[in-house]
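Derivation of every value follows stated rules applied to the coordinates shown; laboratory data play no part. Note that this is a predicted model, so its numbers are computed, not measured. Neighbour counts run over all protein chains shown; Cβ positions are idealised from the backbone, glycine included.
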Amino acid sequence: MVDSNQHHFSQPMEVFIHRIPKAELHIHIEGALEPELMFELAAKNGCDLPFDSVADIRQAYEFKDLQTFLDIYYQGAEVLLDEDDFYRLTWSYLQKAAEQNVRHTEIFFDPQTHTARGIRFETVVQGIQRALTDGARQLNLSSKLIMCFLRHLSASDAMKTLREALPFRHTIIGVGLDSSEVGFPPEKFRTVFDQARQEGFLTVAHAGEEGPAEYIWQALKVLKASRIDHGIRCVEDAGLVKYLVKKQVPLTVCPLSNVKLGVFDHLSRHNLHQLLELGLCVTVNSDDPAYFDGYIEDNFQALHEHLGIDFQDIYKLTRNAFQASFLVPAEKKKYLKELDGFVSGFGH
Ligand code: HPA
Ligand code: ZN
């Protein structure tokens, strides 16, 4: 994990990556639970952790695929009990993001992971929201909140969760779909997403991470997703690529996640260049930074090191992220101006 206080900037590229104003669109807040905080909350809340130390926890983070990760990720989330726990989790992510010059972030949370353990929906949302409000004031970092349904659970459980979210309509901009992908196609959630859109929520969905290109089609056509989370397997369907390019549907790609979960053997084999060359609206994100060896800046640094992405690519990727955000046009314009100002001034 990179601590920005310990950076030794020897190359302008590192400085450029660090300083460029960024937007993050794919970050699960439960995936930002660092082992140190997990340990501390377990002690505070009297939870049994199957680990003896923080080092022990980090050692357990070797994943074969999405499911082996999810098993550990859901276990980790069990230390989160009261509103303050959710506040601290969110605040620790925001501080890290601000240090890496993230100017705007759109955060996923998984209410069912918590309500299934008897935690109240409002405990989760209020803890997260209070940190987001403080983040805007104290860190000058804007944010949106997106509620994800767990696709390995039933559509009726998702519907129940949607109903619980209605009193928080003003704090949740959209709904998404995450957890185990293969065998749980987006169309299973057609009715819930129809209802969510009627209630005014925007929609996104994880698709084409481990699952086939067909799931991306379903996310677009059935769930009317405004963005596709991951989406890297779109390249297996030329017709789909053509559609995504024409409509400029954003893909929230998470490079270090893809390597940690075995979607690509090594970062040098990631298809990010191919996606960019095809003209897709690609963005770079951290997914679950505490579990995947890095936050957004670490993703960019690793892409530079192993895939040779250059200044132009980084500019394009960060521009795409602000464009693809759920900010209103005037706010997008403000951030794009800040981005362009930074890039034209860099090195002068
Ligand atoms: N995929 C699906 N579900 C998730 C992920 C992911 O990458 N991260 C957290 N939940
Ligand atoms: Zn994800």
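Only Lys, Arg, Asp and Glu count, each charged at its Cβ (+1, +1, -1, -1), so figure out the dipole size of segment 11-345 about its Cα centre, rounded to 20 debye.
Charge dipole, segment 11-345, about its Cα centre: 1660 debye, nearest 20.
Report the relative contact order of the chain, percent, no decimals, based on alpha-carbon pairs under 8 angstrom and at least 6 residues apart.
Worked out over the chain, it gives 20 percent.
Report ³J(HN,Hα) in whole Hz for each residue of segment 179-189, in order, from the Karplus equation J = 6.51 cos²θ - 1.76 cosθ + 1.60 where θ = phi - 60°; Gly and Pro get x.
With the stated coefficients, segment 179-189 comes to 6, 3, 8, 5, x, 10, x, x, 4, 4, 10 Hz.
Rounded to whole Hz and in sequence order, give me ³J(HN,Hα) for segment 292-307 from the Karplus expression 6.51 cos²θ - 1.76 cosθ + 1.60, θ = phi - 60°, writing x for Gly and Pro.
3J(HN,Hα) across segment 292-307, in whole Hz: 10, 6, x, 8, 4, 4, 5, 5, 5, 4, 5, 5, 5, 5, 9, 10.
In percent, what relative contact order does segment 255-327 have, based on Cα pairs under 8 Å that are 6 or more apart in sequence?
Result for segment 255-327 is 34 percent.
When Ser156, Ser226 are ordered from fewest to most other Cβ atoms inside 10 Å of their Cβ, what list results?
Starting with the residue having the fewest Cβ neighbours, the order is Ser156, Ser226.
How would you classify the chain from its alpha-carbon gyration tensor, with a ≥ b ≥ c the square roots of the eigenvalues: rounded for a/c under 1.5, else prolate if a/b is greater than b/c, otherwise oblate?
Rounded, because the longest to shortest axis ratio a/c is under 1.5.
Where the centroid of each part is defined by its Cα atoms, how far is segment 114-149 from segment 206-240 in Å?
27
Report the residue, chosen from Gly279, Gly135, Gly239, that carries the largest GNM mean-square fluctuation when the chain is represented by alpha-carbon nodes joined by springs under 10 Å.
Maximum fluctuation in the GNM of the chain, among the listed residues, is at Gly239.
Which links in Lys64/Lys96; Lys22/Lys260; Lys160/Lys260 stretch past 30 Å when you go from one Cα to the other?
Long pairs (Cα-Cα over 30 Å): Lys160/Lys260.
Distance between the C-alpha centers of segment 305-348 and segment 263-284? Whole Å please.
That distance is 18 Å.
Quote the charge dipole size of segment 263-335 about the Cα centre in Debye, to the nearest 20; the model charges only the Cβ of Lys and Arg (+1) and of Asp and Glu (-1).
520
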